[in-house]
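Heads up: the structure comes next, in C-alpha cells.
The values are calculated or read from the model by the stated rules, or taken from the named source; none is laboratory data. Note that the coordinates shown come from a computational prediction; the quantities given were computed from them, not determined experimentally. We place every Cβ from the backbone using ideal geometry, glycine too, and count neighbours over all the protein chains shown.
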Amino acid sequence: MARMLEGKSIIITGAASGIGRAAARLFAEAGARLLICDWNKAGVDETADMVRQAGGEVGTMQVDVSDEAQVKALTEKGVELYGHLDGAYNNAGVQMLNKLTQDLTLDDWHKVNGVNAVGIFLCVKHEIAAMRKSGRGAIVNTASANGVVAQAYSTEYVASKHAVIGITRGAASEAIETGVRVNCVLPGMINTPMIVDLVNNPEFRPHYDSALARHTVGRFGEPEDVAYVARFLLSDQAAFMNAAAVAVDGGYTAR
Ligand SMILES: NC(=O)c1ccc[n+]([C@@H]2O[C@H](COP(=O)([O-])OP(=O)(O)OC[C@H]3O[C@@H](n4cnc5c(N)ncnc54)[C@H](O)[C@@H]3O)[C@@H](O)[C@H]2O)c1
C-alpha cells in the first residue's frame with residue numbers, strides 16, 4: 001500500500017519545535033519530500049537531522065513568517081527544490097501574553113497577530129500562488145481551540161486564532177478557481193515548549209486543573225496527536241475536505 005504522502009512536496013512552518021517538529025517526522029515517514037522552516041535556525045536544523053537520520057528527504061530555511069519577502073522566498077525555494085508544491089502546513093505561532101485586555105499595548109497586539117494571523121495570511125497567499133500553477137494543492141493551518149472559544153488573559157491570541165479560521169475559510173472558498181483545498185486544525189492544550197511556558201506562569205497555575213478537566217479524554221495532547229490529523233488533511237484521502245476547522249482538543253471545546 002502506498003504511503004499517505006508518497007512523493008508530495010510539502011512546506012512546514014514552525015518546524016523547530018513542538019507540533020511542527022512532530023509533523024516533519026510523521027510527514028517524512030509517510031513519504032513526503034519536505035522544506036521545513038522556522039525563525040529558530042538551530043532548532044530547524046536539528047529537526048532536519050532527525051528526519052534525515054530516519055531516511056527522509058528535507059530542505060531547510062530560516063524564515064520569519066511575518067515578513068512577506070521571506071515567505072515568498074520560501075515558496076519559491078519549495079518549487080525550486082521539488083519542481084512544484086503539493087502541500088503546506090502553516091503551523092508557526094507565538095503564545096498568548098497573559099495580560100488583561102485593558103493592559104495590552106498595540107505593540108502586544110502586533111507581536112502576536114503579526115505572526116499568528118498575518119503570518120498565516122502571507123503563507124496561504126504565496127502557497128496558493130505557487131500551487132495554482134499545477135492546478136492543485138492542499139494547505140493546513142494551525143489555529144487553536146481558542147479559534148472558537150475564549151479565555152481570560154489572552155484576547156490578542158484568541159483574536160489571532162479566530163482570524164486563522166477566517167483566513168482558512170476565505171481562501172478555501174476560492175478552491176473552485178485555484179484547485180487548492182484549505183483546512184485548519186484546532187489543537188487543545190498540547191505538551192510542547194509553548195504550554196510548558198504557560199503552565200510555569202504563576203498566573204495560569206490556578207486554571208491548570210480546570211483546563212485539564214475540560215480535556216475529557218483525561219490528558220493534554222501530544223504533538224503527534226495534532227500532526228496525525230494535519231497529515232491526513234494534506235493527503236488525498238481528505239480530497240472532499242475543504243474549509244474545515246477540525247478540533248484536535250480531547251473534547252475541550254464540547255464543554
Ligand atoms: N501547545 C499548545 O497547547 C497549542 C494549542 C493550540 C494551538 N497551538 C498552536 O500550535 C502551533 C505550534 O505551536 P507549538 O505548541 O508546537 O509551540 P512551539 O513553541 O513548540 O512551536 C512554535 C514554533 O513556531 C516558531 N515560530 C514562532 N514565530 C515564528 C515566526 N515569526 N516565524 C517562523 N517561525 C516562528 C517557533 O520558533 C517554534 O519553533 C502554534 O501556532 C500554536 O499557536 C498550540
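Does region 39-55 hold any residues that are in contact with a strand residue (DSSP E or B) (Cβ under 7 Å, 6 or more places away or on another chain) and either over 21 Å from E127 (Cβ atoms) or not in a loop (DSSP other than H, G, I, E, B) (or both), and which are they? Spell out how you get there, then give the answer.
Our first condition is that a residue be in contact with a strand residue (DSSP E or B) (Cβ under 7 Å, 6 or more places away or on another chain); within region 39-55, this holds for 39, 41, 44-45, 47-48, 51-52.
Once the filter is applied, which keeps residues that are in contact with a strand residue (DSSP E or B) (Cβ under 7 Å, 6 or more places away or on another chain) and either over 21 Å from E127 (Cβ atoms) or not in a loop (DSSP other than H, G, I, E, B) (or both), region 39-55 yields K41, V44, D45, T47, A48, V51, R52.
Would it be correct to say that A42 is in contact with an Asp or Glu (Cβ under 6 Å, 6 or more places away or on another chain) and aliphatic (A, V, I, L, M)? If you could, list the steps in order and put the result at the bottom.
Values: in contact with an Asp or Glu (Cβ under 6 Å, 6 or more places away or on another chain): no; aliphatic (A, V, I, L, M): yes.
No, not satisfied.
If you scan region 74-102, which residues turn out to be in a loop (DSSP other than H, G, I, E, B) and among the aliphatic types (A, V, I, L, M)? Break it down into steps so the answer makes sense when it comes.
Kept after step one, since they are in a loop (DSSP other than H, G, I, E, B), are these residues of region 74-102: 83-86, 91-100.
Result: L85, A92, V94, M96, L97, L100.
Those residues that are touching a helix residue (DSSP H, G or I) at 6+ places or on another chain (Cβ under 6 Å) and either within 16 Å of the ligand (Cβ to nearest atom) or more than 19 Å from S173 (Cα to Cα) (or both), I need them from region 115-138; list them, please.
The initial filter retains those residues of region 115-138 that are touching a helix residue (DSSP H, G or I) at 6+ places or on another chain (Cβ under 6 Å), namely 116-117, 120-124, 126-128, 130, 132, 137-138.
Correct list: N116, A117, I120, F121, L122, C123, V124, H126, E127.
Looking at this structure, is G166 farther than 18 Å from A247 by Cβ and either more than 8 Å from the ligand (Cβ to nearest atom) or buried (at least 22 other Cβ atoms within 10 Å of the Cβ) (or both)?
On the way: farther than 18 Å from A247 by Cβ: no; either more than 8 Å from the ligand (Cβ to nearest atom) or buried (at least 22 other Cβ atoms within 10 Å of the Cβ) (or both): yes.
No: the conditions fail for G166.
Being closer than 20 Å to K77 by Cβ and modelled with pLDDT of 95 or more is the requirement here; does I176 meet it?
On the way: closer than 20 Å to K77 by Cβ: no; modelled with pLDDT of 95 or more: yes.
No.
Please identify the pairs in which a residue from region 201-229 that is modelled with pLDDT under 80 has its Cβ atom under 6 Å from the Cβ atom of a residue that is among the aliphatic types (A, V, I, L, M), counting only partners at least 6 apart or on another chain.
Close Cβ pairs (under 6 Å, with a partner that is among the aliphatic types (A, V, I, L, M)) amount to F204/L198.
Name the residue, out of N98, N91, that is closer than 28 Å to R255 by Cα and either more than 15 Å from the ligand (Cβ to nearest atom) or surrounded by 22 or more Cβ atoms within 10 Å (Cβ to Cβ) (or both). Step through it out loud before you land on a result.
Details: N98 fails: either more than 15 Å from the ligand (Cβ to nearest atom) or surrounded by 22 or more Cβ atoms within 10 Å (Cβ to Cβ) (or both).
N91 is the lone residue from the list that is closer than 28 Å to R255 by Cα and either more than 15 Å from the ligand (Cβ to nearest atom) or surrounded by 22 or more Cβ atoms within 10 Å (Cβ to Cβ) (or both).
Looking at I36, I10, which is the one that is more than 11 Å from the ligand (Cβ to nearest atom), assigned to a strand (DSSP E or B) and on the phi < 0 side of the Ramachandran plot?
Working: I36 fails: more than 11 Å from the ligand (Cβ to nearest atom).
One residue alone meets the criteria, I10.
Condition first: more than 10 Å from the ligand (Cβ to nearest atom) and surrounded by fewer than 15 Cβ atoms within 10 Å (Cβ to Cβ). Can you find one or more residues in region 193-200 that meet it?
Initial filter on region 193-200 (more than 10 Å from the ligand (Cβ to nearest atom)): 200.
Those left that are additionally surrounded by fewer than 15 Cβ atoms within 10 Å (Cβ to Cβ): 200.
Yes.
Could you tell me which of the residues V180, V196, V226 is more than 15 Å from A143 (Cα to Cα) and in contact with a strand residue (DSSP E or B) (Cβ under 7 Å, 6 or more places away or on another chain)?
On the way: V196 fails: in contact with a strand residue (DSSP E or B) (Cβ under 7 Å, 6 or more places away or on another chain); V226 fails: more than 15 Å from A143 (Cα to Cα).
Of V180, V196, V226, the one residue that is more than 15 Å from A143 (Cα to Cα) and in contact with a strand residue (DSSP E or B) (Cβ under 7 Å, 6 or more places away or on another chain) is V180.
Let me spell it out: the conditions are (1) farther than 24 Å from M96 by Cα; (2) within 12 Å of the ligand (Cβ to nearest atom), and V226 meets all of them except one. Which number is the exception?
(1)
Check region 63-70 and report whether any residue there is surrounded by fewer than 20 Cβ atoms within 10 Å (Cβ to Cβ), in contact (Cβ under 8 Å) with a residue 12 or more places away in the chain and more than 19 Å from the chain's Cα centre (by Cα).
Checked region 63-70: no residue is surrounded by fewer than 20 Cβ atoms within 10 Å (Cβ to Cβ), in contact (Cβ under 8 Å) with a residue 12 or more places away in the chain and more than 19 Å from the chain's Cα centre (by Cα).
Got a sec? Which of A171, A175 is of a type in the set (G, A, S), surrounded by 23 or more Cβ atoms within 10 Å (Cβ to Cβ) and farther than 21 Å from R255 by Cβ?
Working: A175 fails: surrounded by 23 or more Cβ atoms within 10 Å (Cβ to Cβ).
Answer to the selection: A171.
Limited to region 176-192, what total is found for residues that are in contact with a Gly (Cβ under 9 Å, 6 or more places away or on another chain) and within 13 Å of the ligand (Cβ to nearest atom)? Lay out the reasoning, then the answer.
So the first thing to find is which residues in region 176-192 are in contact with a Gly (Cβ under 9 Å, 6 or more places away or on another chain), and the list is 178-182, 184, 186-192.
With within 13 Å of the ligand (Cβ to nearest atom) added as a condition, the list becomes 184, 186-192.
Going through region 176-192 one residue at a time, the tally reaches 8.
Tell me, which residue of region 1-58 that is more than 23 Å from I195 (Cβ to Cβ) and polar (S, T, N, Q) is surrounded by the fewest Cβ atoms within 10 Å (Cβ to Cβ)?
Taking the candidates together, the pick is Q53.
Quick test of your reading of the structure: N141 fulfils all but one of (1) over 28 Å from D103 (Cβ atoms); (2) outside any loop (DSSP other than H, G, I, E, B); (3) more than 9 Å from the ligand (Cβ to nearest atom). Name the failing condition by number.
If we test N141 against (1) over 28 Å from D103 (Cβ atoms); (2) outside any loop (DSSP other than H, G, I, E, B); (3) more than 9 Å from the ligand (Cβ to nearest atom), just (3) comes out false.
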